[in-house]
Amino acid sequence: MRRVRCAIYTRKSSEDGLEQDFNSLDAQREACEAYIASQKHEGWVLLPDCYDDGGISGGHLDRPALQRLMQAVDERRVDQIVVYKIDRLTRSLADFAKLVERLDTAETSFVSVTQSFNTATSMGRLTLNMLLSFAQFEREVTAERIRDKIAASKRKGMWMGGSVPLGYQPDGRTLKIDETEAETIRTLYDLYLEHRTLRDVKEQAENLDLRSRRRERAGGRMSGGTHFDRGHLQHILSNPVYAGRIRHKQNVYDGQHPAIIDPAVWDKVQVMMQSGAAVARGSRQKATRSPLAGKLFDETGDRLTPSHSRKNGKRLRHYISRRLVKDRSRKHPDAWRLPADQVEGLLAELVGRHLTRPGAAVAMTDGLTAAEVSDASKRLQGQGKVTERLALIERADLRQGCLTVRLDMAMLADRLGSEPEQINLAELTIEAPFQMRRRGVELKLHLGDPPAEIDRTLVQNIMKGRNWLAMVIAGKTFSEIADTDGVSKRRVQDVTNLALLSPDVLDRIATGEQPDGLTTDYLIKTRFSAVWSEQRVQFALL
């Protein structure tokens with residue numbers, strides 16, 4: 001009799017009741033164990049591993065236990081998946097299609113204890129698809145109702161949960177003032193009215209040792225309790241909740257909670273912030289169109305500053321190490337000079353990958369409801385423009401081999417529709433391999449290892465050198481060849497030397513896999529050895 005290895009998967013959307021000795025997950029597992037025992041005559045045996053996801057929505061596949069289960073399926077350690085109901089596995093028809101494809105590849109099926117079908121038969125698949133369609137429809141309708149309820153409640157000025165802003169404590173469907181923290185908020189507004197810039201407010205707040213709220217996250221992890229950065233200050237100074245109002249998407253309504261800041265003062269601060277930003281934009285707009293100004297740094301910590309040059313009447317933008325501008329009298333061989341369009345496109349691509357990867361919204365935030373996570377995912381998918389992605393960057397550090405990007409916490413929170421305190425700090429940093437490849441005067445930037453690229457100028461010169469060498473062997477002089485081809489005698493001699501390259505060097509050049517910098521000019525200037533073994537050492541091909 002064939003032995004059928006069975007794994008039980010259980011899930012519960014909320015955490016309510018999970019602390020009980022016998023909870024919903026236990027009930028599901030007990031029913032599945034009884035079903036497996038009833039199929040003992042068919043060779044069904046229960047595997048000892050537990051796959052339980054408590055407090056996780058079925059609207060996505062980013063679930064730890066499910067990922068472990070599918071890994072076991074891929075490794076062909078599971079023959080049958082047993083669930084209490086099909087919606088415990090997934091509520092999404094699209095996700096179900098992905099799971100079935102992986103199950104088919106591993107020759108694994110699954111069965112629902114309370115629904116009489118399994119995926120081993122065509123009728124079971126049809127029934128399953130119908131049930132999943134209704135489950136997904138129910139989930140989407142429920143999500144719409146929740147969104148409508150939240151919108152209606154906020155129009156009435158009710159507080160609908162989430163991360164509680166600094167200065168307040170929750171009080172049912174409203175907020176009450178925390179006088180200790182409220183004093184910090186009032187001080188920050190007073191500092192902005194006095195100094196009018198976020199930079200000065202940040203410095204003064206640090207001098208006064210003003211700090212954000214210290215919060216305890218899931219698992220006992222602590223966050224907060226640090227000095228305010230500029231992004232967090234901007235969020236506090238522009239948050240209408242402090243004026244006794246509630247924001248819902250683009251609309252602002254009168255709230256039921258008391259105001260910490262007088263609404264007239266809050267409105268004045270908004271005007272000052274908008275006018276200050278407009279002045280800053282106006283002062284720079286004619287001088288630069290560089291969205292990464294002040295955000296790029298090289299491996300020495302030197303800031304890369306925007307620069308431009310003109311070639312054939314065309315304006316070319318660059319980011320260059322600031323030491324090239326400050327000290328023009330000295331040469332700086334380690335300084336950077338990067339084409340602006342390339343570095344902006346590369347960073348936008350990196351941020352885009354980070355935002356649109358599966359499960360990004362779940363990984364980036366803490367404490368969001370399933371509906372809020374769904375909205376946040378849609379917002380992230382909508383961040384497709386280069387300017388939108390670059391605006392999220394707070395700082396980018398470049399060094400040969402590695403690129404590190406730090407995202408602006410407050411701006412990311414705004415894009416996600418959450419509070420800054422809900423952002424997972426580990427998700428603010430992105431690292432990726434980074435390479436530069438130069439071909440003559442042209443520089444190209446790559447995420448990861450650069451693709452092979454054939455230097456056609458070098459290939460053509462090698463072919464020309466081999467032809468000229470054949471002419472020399474046939475009895476022609478360098479001068480005769482130069483006169484015939486209309487070039488200098490020195491050029492004929494230099495290019496002819498390229499015919500002396502070893503076969504393995506030529507193979508690398510033909511496939512574009514030669515070391516960076518191995519160009520025609522380099523080979524002519526270095527006067528490389530004609531001995532093939534020495535060439536391998538000189539060109540680092542060993």
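The values are calculated or read from the model by the stated rules, or taken from the named source; none is laboratory data. Because the structure is a prediction, the values reported are computed rather than measured. Cβ atoms come from the backbone with ideal geometry, glycine included; neighbour counts cover every protein chain shown.
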All positions within segment 420-439 that are at pLDDT 85 or above and either of a type in the set (D, E, K, R) or in contact with a Phe, Trp or Tyr (Cβ under 8 Å, 6 or more places away or on another chain) (or both) = 427, 431
Filter segment 146-167 for residues that are small (Gly, Ala, Ser) and outside any loop (DSSP other than H, G, I, E, B); the one that is surrounded by the most Cβ atoms within 10 Å (Cβ to Cβ) is 153
How many residues of segment 367-389 are buried (at least 17 other Cβ atoms within 10 Å of the Cβ) and under 28 Å from residue 15 (Cβ atoms)? The answer is 10
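Does residue 199 fit the bill of being among the charged types (D, E, K, R) and not in a helix (DSSP H, G or I)? Before the answer, list the steps.
Numbers: among the charged types (D, E, K, R): yes; not in a helix (DSSP H, G or I): no.
Against the criterion (among the charged types (D, E, K, R) and not in a helix (DSSP H, G or I)), residue 199 does not qualify.
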Output the residues belonging to segment 393-415 that are of a type in the set (Lys, Arg) and free of Cβ contacts under 8 Å to residues at least 40 places away in the same chain.
-> 406, 415
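Looking for something of a type outside the set (Val, Ile, Thr), modelled with pLDDT of 85 or more and in contact with a helix residue (DSSP H, G or I) (Cβ under 8 Å, 6 or more places away or on another chain) - is there at least one such residue anywhere in segment 127-150?
So the first thing to find is which residues in segment 127-150 are of a type outside the set (Val, Ile, Thr), and the list is 128-140, 143-145, 147-149.
Adding the requirement that they be modelled with pLDDT of 85 or more leaves none.
No, segment 127-150 contains no residue that is of a type outside the set (Val, Ile, Thr), modelled with pLDDT of 85 or more and in contact with a helix residue (DSSP H, G or I) (Cβ under 8 Å, 6 or more places away or on another chain).
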Can you tell which of 214, 230, 323, 221 is among the charged types (D, E, K, R), farther than 19 Å from residue 420 by Cβ and at pLDDT below 90?
-> 323
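With the requirement that a residue be among the charged types (D, E, K, R), in contact with a Ser or Thr (Cβ under 8 Å, 6 or more places away or on another chain) and exposed (fewer than 15 other Cβ atoms within 10 Å of the Cβ), what does segment 186-215 give you? Break it down stepwise before answering.
Initially, segment 186-215 is screened for residues among the charged types (D, E, K, R), giving 186, 190, 194, 196, 199-200, 202-203, 206, 209, 211, 213-215.
Restricting the remaining residues to those that are in contact with a Ser or Thr (Cβ under 8 Å, 6 or more places away or on another chain) gives 211, 214-215.
Residue satisfying the conditions is 214 alone.
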Restricted to segment 250-263, and to residues that are free of Cβ contacts under 8 Å to residues at least 60 places away in the same chain and outside any strand (DSSP E or B), which residue is surrounded by the fewest Cβ atoms within 10 Å (Cβ to Cβ)?
-> 250
Log entry, pairs with first residue in segment 518-535 being surrounded by fewer than 13 Cβ atoms within 10 Å (Cβ to Cβ) and assigned to a loop (DSSP other than H, G, I, E, B), second being hydroxyl-bearing (Ser, Thr, Tyr) and at pLDDT 80 or above, beta carbons closer than 9 Å, six or more apart or on different chains, reads 531/502
With the first residue restricted to segment 471-482 and required to be in contact (Cβ under 8 Å) with a residue 24 or more places away in the chain and of a type in the set (A, V, I, L, M, F, W, C), and the second required to be surrounded by 14 or more Cβ atoms within 10 Å (Cβ to Cβ) and outside any helix (DSSP H, G or I), Cβ contacts under 6 Å at 6 or more apart or on different chains are none
Can you name the residue in segment 74-98 that is modelled with pLDDT of 80 or more and surrounded by fewer than 20 Cβ atoms within 10 Å (Cβ to Cβ) and is also nearest to the chain's Cα centre (by Cα) among such residues?
-> 74
Where in segment 1-96 are there strands (runs of 3 or more DSSP E), lying fully within it, with 3 or more residues that are of a type in the set (S, T, N, Q)?
-> none
Scope segment 494-517; condition without any contact (Cβ under 8 Å) to a residue 40 or more places away in the chain and not aliphatic (A, V, I, L, M); matching residues = 494, 496, 497, 502, 503, 504, 507, 508, 515
Within segment 489-513, how many residues are surrounded by fewer than 17 Cβ atoms within 10 Å (Cβ to Cβ), of a type in the set (Asp, Glu) and part of a helix (DSSP H, G or I)?
-> 2
